Amino acid sequence: MSFAIPAPAQATVAVVGGAPFPVRRIYCVGRNYAAHAREMGHDPDREPPFFFMKPADAVVPTDSVVPYPAATADYHHEIELVVALSGGGRDIPVEKALELVFGYAVGLDMTRRDLQAQAKKLGRPWDMAKGFDQSAPCAPIVPVAQCGHPDKGAVWLKVNGEVRQQGDLSDLIWNVAETISYLSGLVELFPGDLIYTGTPEGVGAVIKGDQLQGHVDGLPDINITIG
Ligand code: MN
C-alpha cells in the first residue's frame, strides 16, 4: 500500500530471545498501589481503576539517554510492571484475561508532575503531563513462557544508586487480570497493546545527569540516563 507521505515507523519494544514486539497503544493505570494513592491525596479503597494513555511512539529502549523534557520543572519517575498483549477483545472475564498476555516488562511512566497538578486543578486532560515524547521507557519484554504471570515480587527504582521507590506486585489494588478485564469493558483490546499497571509510593523528581535503574523481580531492569 502506498501513502500520501512515507508511513511513520512502527513503534517496537525488544523481546528477550525473539523478534521485537509491535506497539499498538499504551494504556496506563492510575493510582494502583494504596500507598501511592495516599501520597497523591486519595483514598485507594473507594476508587475503581482509571486509565490514561500515552502514544505508542513514546516508548524508549533501555540504556537510552532521555532528554529532560520541555515545559516542566518537576519531571517525575514512576516505576511500573508493563503487560504486553498478544490477544484482545471486549468484556474479557477476569478468569480469561491472562490468556491475552504475551509477556511482561519493566517500564517507567515518566510524568511532568507540574503539568499534571495544573491539569487536575483546572479540570483539564492529562495528555501533555503523561503522553509526551519519550515518556514511556520500557525494558525488553519477557514472554510468559519464560517468566509466567508475576503476581508478587519486589518493584523498586533507584536514582544514582539510591532507592527512591519500593513496593511489591502483591500490593497492586487491581491485579493484572482484573486490570485487563476492567479495561476491556471500556475499549476493545488488541494484540500490540501495552498496559503500564501503576506505580508504588516514592515518586519524585529527577534532573539532568541522573541515572535511573528500575527493577521488577524476574524481569530485566530498565536503565535510563536523563540527558
Ligand atoms: Mn503511572
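Every number here is computed from the coordinates shown, using simple stated rules; none is lab data. All values derive from a computational prediction rather than experimental measurement. No Cβ is skipped: glycine too gets one built from the backbone with ideal geometry, and neighbour counts run over all protein chains shown.
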Residues of the stretch 87-144 being in a helix (DSSP H, G or I), in contact with a Leu (Cβ under 9 Å, 6 or more places away or on another chain), more than 21 Å from Val16 (Cβ to Cβ) and more than 15 Å from the ligand (Cβ to nearest atom), which ones?
Met128
Any residue in the stretch 22-48 that is under 15 Å from Ile173 (Cα atoms) and free of Cβ contacts under 8 Å to residues at least 12 places away in the same chain sitting within a Cβ distance under 8 Å of a residue that is away from the ligand (no atom under 14 Å from the Cβ) and not in a helix (DSSP H, G or I)? List the pairs, counting only those 6 or more apart or interchain.
none
Taking the stretch 154-173, which residues are outside any strand (DSSP E or B) and surrounded by fewer than 19 Cβ atoms within 10 Å (Cβ to Cβ)?
Asn160, Gly161, Ser170, Asp171
Selection from the stretch 188-213 of residues that are more than 23 Å from Pro69 (Cβ to Cβ) and of a type in the set (Gly, Ala, Ser):
Gly192
Flagged in the stretch 187-221 as in a loop (DSSP other than H, G, I, E, B) and closer than 25 Å to Ala117 by Cα, in numbering order, are Thr197, Gly198, Thr199, Pro200, Glu201, Gly202, Val203, Val206, Ile207, Lys208, Gly209, Asp210
Quick check on my filter: what residues within the stretch 37-86 are crowded, with 17+ Cβ neighbours inside 10 Å and among the small types (Gly, Ala, Ser)?
Ala37, Ala56, Ala58, Ala84
What number of residues within the stretch 28-81 are under 23 Å from Ala11 (Cβ atoms), within 16 Å of the ligand (Cβ to nearest atom) and among the small types (Gly, Ala, Ser)?
2
Neighbours by Cβ (under 7 Å, 6+ apart or cross-chain): first from the stretch 188-210, within 13 Å of Gly107 (Cβ to Cβ); second acidic (Asp, Glu) and in a loop (DSSP other than H, G, I, E, B):
Tyr196/Asp109; Thr199/Glu78; Thr199/Asp109
Only strands (runs of 3 or more DSSP E) wholly contained in the stretch 1-64 count here; list those with 2 or more residues that are touching a helix residue (DSSP H, G or I) at 6+ places or on another chain (Cβ under 8 Å).
26-30, 50-54
Cross-chain or 6+ apart pairs with Cβ under 7 Å, the stretch 107-126 first and closer than 22 Å to Val66 by Cα, then polar (S, T, N, Q) and more than 11 Å from the ligand (Cβ to nearest atom):
Arg112/Thr72; Asp114/Thr72; Leu115/Thr72
Might you check whether a residue that is hydroxyl-bearing (Ser, Thr, Tyr), within 21 Å of Ala129 (Cβ to Cβ) and touching a residue at least 60 places away in the same chain (Cβ under 8 Å) occurs anywhere in the stretch 65-74?
yes
Residue check: is Gly204 within 16 Å of the ligand (Cβ to nearest atom) and under 20 Å from Arg38 (Cα atoms)?
yes
Identify all residues within the stretch 19-33 that are aliphatic (A, V, I, L, M) and buried (at least 18 other Cβ atoms within 10 Å of the Cβ); write none if there are none.
Val23, Ile26, Val29
Has the stretch 172-186 got any residue that is without any contact (Cβ under 8 Å) to a residue 60 or more places away in the chain, closer than 16 Å to Leu81 by Cα and either of a type outside the set (Gly, Ala, Ser) or out of contact with any strand residue (DSSP E or B) (no Cβ under 7 Å at 6 or more places or on another chain) (or both)?
yes
